[in-house]
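The values are calculated or read from the model by the stated rules, or taken from the named source; none is laboratory data. Every value quoted in this text rests on a predicted model; they were computed, and no experiment measured them. Cβ placement follows ideal geometry from the backbone for every residue including glycine, while neighbour counts extend to all protein chains displayed. Side chains included, ligands, DNA and RNA excluded: accessible areas come from the protein's heavy atoms. Shrake-Rupley method; radii C 1.70, N 1.55, O 1.52, S 1.80 Å.
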Amino acid sequence: MLLFLARRTALAVLVALTVLTFAFVLTRLAGDLAIVIAGPEARAEDVEAIRRAYGLDRPVVIQFLDWAWRAAMGDFGQSFFYRERVSTLIWERLPITLTLGLVGLAIALVVALPLGILAALRENTWIDRAVGLVAMVGQAMPSFWLGLILMLVLGLQLGWLPISGTGSWQHYVMPGIVLSFSAIPALMRLTRAGMIDAMSSDYIRTARAKGLSRGSIVLKHALRNAAMPVVSITAVQLGFMLGGSIVIETVFALHGIGFLAWESISKNDFPTVQAVVLLFAIIYIVLTLLADVLNAVLDPRLRAS
Amino acid sequence: MSAAPRAALLEVRNLRISFGGLAAVRGADLTVYRGETHCLVGESGCGKSVTALAVMGLLARNGRRKADRLAFDGQDLLRLSESRLSKLRGDRMAMIFQEPMTSLNPAYTVGSQMAEVYRRHRGGTRAEALDRAEDLLAKCRVTSPRLRLGQYPHQLSGGLRQRVMIAMALMCDPELLVADEPTTALDVTVQAQILRLLMDLQRDLGLALMLITHDLGVVARMAHRVSVMYAGEVVESAPAAELFGNPTHPYTRGLLACVPVPGKVRRDQPLGSIPGVVPRIGHGFAGCAFRDRCGQARAECARTVPWRTSGEHGYRCILPPGWAGPASLAA
């Protein structure tokens with residue numbers, strides 16, 4: 001188990017370093033940053049001054065090492081657009097995005113797992129087909145549209161939930177529901193497929209021959225074996241939900257990381273862009289690592305290899 | 001093969017099993033007595049395994065089971081609800097399977113899978129259940145049983161896994177053990193060990209053992225009583241010595257002629273074989289399913305064939321008992 005952990009962690013660090021490099025290189029490819037910062041009407045001297053002030057006149061390798069070193073210390077420099085330290089910007093917004101992502105994921109799991117299990121146990125019945133239809137509709141529905149519908153119905157007509165902002169936990173319910181819709185279909189389908197597979201396996205026949213209760217057969221013996229692909233995809237989905245919540249953050253006026261990413265890209269605020277890209281990458285890496293560890297806990301065979 | 005107490009533990013009368021309109025078993029009769037090994041023999045696809053699964057109530061969802069009588073210790077299994085039946089399974093009747101590699105749950109330790117069945121039926125603490133599991137593993141000749149309890153199935157060889165399956169089946173002292181080709185997937189040397197183990201356990205614990213096999217050598221070594229199945233029917237059933245000494249159904253005779261007997265069959269002499277293949281049995285099929293492959297077939301074989309008995313020996317054929325003279329099968 002320790003060896004497994006060490007190997008996975010080493011791999012994760014390697015991936016993080018690669019992303020670090022890409023995050024830096026990609027922003028440099030966007031054009032001469034000094035000109036961009038100075039604006040279209042700037043004189044050549046101003047551009048030159050900016051280039052010196054931001055250290056853009058140094059060799060790219062030195063710039064990279066300098067940035068990477070500071071980034072490793074948690075210093076991402078100053079944002080051009082917000083006139084604030086990038087780390088401060090991120091610290092302010094990260095809790096909002098994390099809360100939203102976790103609420104979305106929780107809703108997705110609470111809906112997708114039972115439905116997936118139900119569909120598997122009632123394979124090829126109308127229940128299975130109804131569940132499949134729900135998944136398809138969920139997949140097809142654009143999130144901004146669903147967000148607006150929910151606002152109209154739950155927020156304005158029924159007045160149950162606040163429609164925008166981040167003041168209380170209620171503010172996260174509607175965006176959480178909308179966000180969960182992006183994860184529900186995949187999670188449900190995988191749960192269903194995994195459960196169908198597990199329920200037709202020899203060890204489930206053994207469990208039945210042992211006279212175990214239905215609950216124990218389904219939840220203890222089948223679900224644990226069906227859970228592994230679900231755990232992996234959950235990690236990916238959560239990463240996707242954290243990074244891909246830009247539309248939802250905009251619709252519900254939640255100023256999280258997604259919103260920050262969108263704004264900094266459109267303003268060519270390269271220190272912020274670099275930091276956000278790196279942050280999302282690290283979130284992905286940590287989540288995949290967590291999924292690997294969780295799978296190793298679930299499946300003893302993974303620990304051995 | 002001592003005279004066993006003749007109390008029927010499992011009675012099956014006219015068992016019929018179908019899968020979506022395809023008949024897998026078409027009226028099988030079977031009686032397993034307490035403390036006896038009853039072997040069910042036949043080719044692949046003749047309905048041995050589904051018969052065993054139907055007895056245990058473990059048929060796949062698309063399997064349909066009907067019978068005139070299906071009783072365990074006088075209790076009608078056909079009327080038992082799934083939850084009542086599950087109280088019986090693993091407790092008084094247990095089953096082991098052909099595939100030891102996949103029959104254990106890969107996610108749980110041997111100990112937890114063994115303890116689980118005991119605690120389900122007998123209650124008690126986990127520690128008590130694990131102690132019992134250790135005893136049974138030792139009884140099944142598993143080395144360092146305490147250590148095995150903490151191991152996962154993938155850490156064990158096929159033979160060891162089958163021993164674990166057997167030990168697990170014995171956790172609640174079942175009266176009936178159904179073993180569906182328990183050695184088919186194992187190496188030859190391991191096969192012999194597992195069969196020896198089953199034989200000893202059957203004798204020591206007084207188990208009723210329903211052993212499914214296609215290996216007549218196994219039958220000769222282990223069976224008190226043998227039922228031969230062909231195309232979803234029991235075609236002959238007799239005490240083992242009687243069946244080997246006086247096989248009556250042409251199919252049984254054909255099967256026995258396929259087995260080389262050391263000392264009796266010369267090296268250059270071709271082994272027997274039964275021409276043709278097992279027919280597909282559709283709806284409305286009547287008569288003997290073996291007639292197309294049978295050298296003795298005549299017109300009346302296409303009508304319903306009666307079950308004839310003489311003493312404990314029964315068979316389904318129009319031929320009279322002793323039609324070919326006793327034990328003239330080696331030729």
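At-a-glance table
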| read-out | value |
| --- | --- |
| Loop sites in region A:11-76: GluC sites (Glu not before Pro), DSSP, at most 15 other Cβ within 10 Å | A:41 |
| Too-long pairs where the Cα-Cα distance tops 27 Å, listed order kept, from A:220/B:87; B:66/B:87; A:220/B:66 | A:220/B:66 |
| Using a Förster distance of 51 Å, the FRET efficiency for residue A:224-residue A:46 (Cβ separation, nearest 0.05) | 0.20 |
| Exposure rank, largest accessible area first [A:82, B:315; 1.4 Å] | A:82, B:315 |
| Cβ-Cβ FRET estimate between residue A:1 and residue A:81, R0 fixed at 45 Å, reported to 0.05 | 0.45 |
| Translational diffusion of the protein assembly as shown, µm² s⁻¹ [Kirkwood Rh, Cα pairs; Stokes-Einstein; 25 °C; 0.890 mPa s] | 82 |
| Ratio Rg/Rh [Cα only; Rh per Kirkwood] for chain B | 0.98 |
| Neighbour net charge for residue B:175 - beta-carbon separation under 10 angstrom, K R +1, D E -1 | -1 |
| Karplus-derived HN-Hα couplings along region A:66-75 (A = 6.51, B = -1.76, C = 1.60, θ = phi - 60°), whole Hz, x at Gly and Pro | 4, 5, 4, 4, 5, 4, 4, 7, x, 10 |
| Neighbouring partner chain Cβ atoms per residue of A:209-222, average, 10 Å criterion | 6 |
| Sites matching trypsin sites (Lys or Arg not before Pro) across region B:260-322 that sit in DSSP coil, with at most 12 neighbouring C-beta atoms within 10 Å | B:264, B:266, B:267, B:280, B:298, B:303 |
| Amide H contacts of residue B:37 (H built 1.01 Å from N, under 5 Å, at least 5 apart or other chain) | B:209, B:224, B:225 |
| Relative contact order [Cα under 8 Å, 6+ residues apart], chain B, whole percent | 20 |
| Estimated distance in nm for a label pair at residue A:70 and residue A:10, the labels positioned 7 Å out from Cα along Cα-to-Cβ | 3.3 |
| Cross-link reach list, aspartates and glutamates versus residue B:139, counting only Cα pairs under 18 Å and skipping chain neighbours closer than eight places | B:128, B:131, B:173, B:175, B:200, B:204 |
| Hull volume in cubic angstrom per residue (convex hull over the Cα atoms of region B:102-172) | 73 |
| Degrees between helix A:2-29 axis and first principal axis of chain A (Cα, 0 to 90, nearest 10) | 40 |
| Sequence-distant residues sharing a close amide H with residue B:67 (under 5 Å, placed H) | B:16 |
| Shielding by partners - mean other protein chain Cβ count within 10 Å, residues of A:223-235 | 1 |
| By accessible area with a 1.4 Å probe, ligands and nucleic acids excluded, highest first: order of B:195, A:152 | A:152, B:195 |
| Sequence-separation-based contact order of region B:102-172, relative, with Cα cut under 8 Å and 6+ spacing, percent | 46 |
| Value of D in µm² per second that Stokes-Einstein yields for region A:1-110, Kirkwood Rh from Cα pairs, at 4 °C (1.567 mPa s) | 75 |
| Estimated distance in nm for a label pair at residue B:297 and residue A:123, the labels positioned 7 Å out from Cα along Cα-to-Cβ | 3.8 |
| Cα convex hull of region B:129-229, projected area averaged across orientations, nm² | 6.6 |
| Computed FRET value (nearest 0.05) for residue B:261 with residue A:193, which takes r as the C-beta separation and R₀ as 41 Å | 0.20 |
| Spin-label model distance (nm) - residue A:61 vs residue A:304, 7 Å beyond Cα toward Cβ | 4.8 |
| Accessible surface, 1.4 Å probe, highest first, among residues B:139, A:220, B:66 | B:66, B:139, A:220 |
| Relative contact order for region A:169-241, counting Cα pairs under 8 Å that sit 6 or more residues apart, in percent | 44 |
| Packing-based ranking, highest mean first, of A:283-292, B:23-32, B:74-83 given that Cβ atoms within 10 Å are counted | B:23-32, A:283-292, B:74-83 |
| Distant-in-sequence amide H partners of residue B:96 (H built 1.01 Å from N, under 5 Å) | B:178, B:179, B:180 |
| Mean Cβ count within 10 Å, highest first, over the residues of peptides A:161-173, A:108-120 | A:108-120, A:161-173 |
| Shielding by partners - mean other protein chain Cβ count within 10 Å, residues of B:95-105 | 4 |
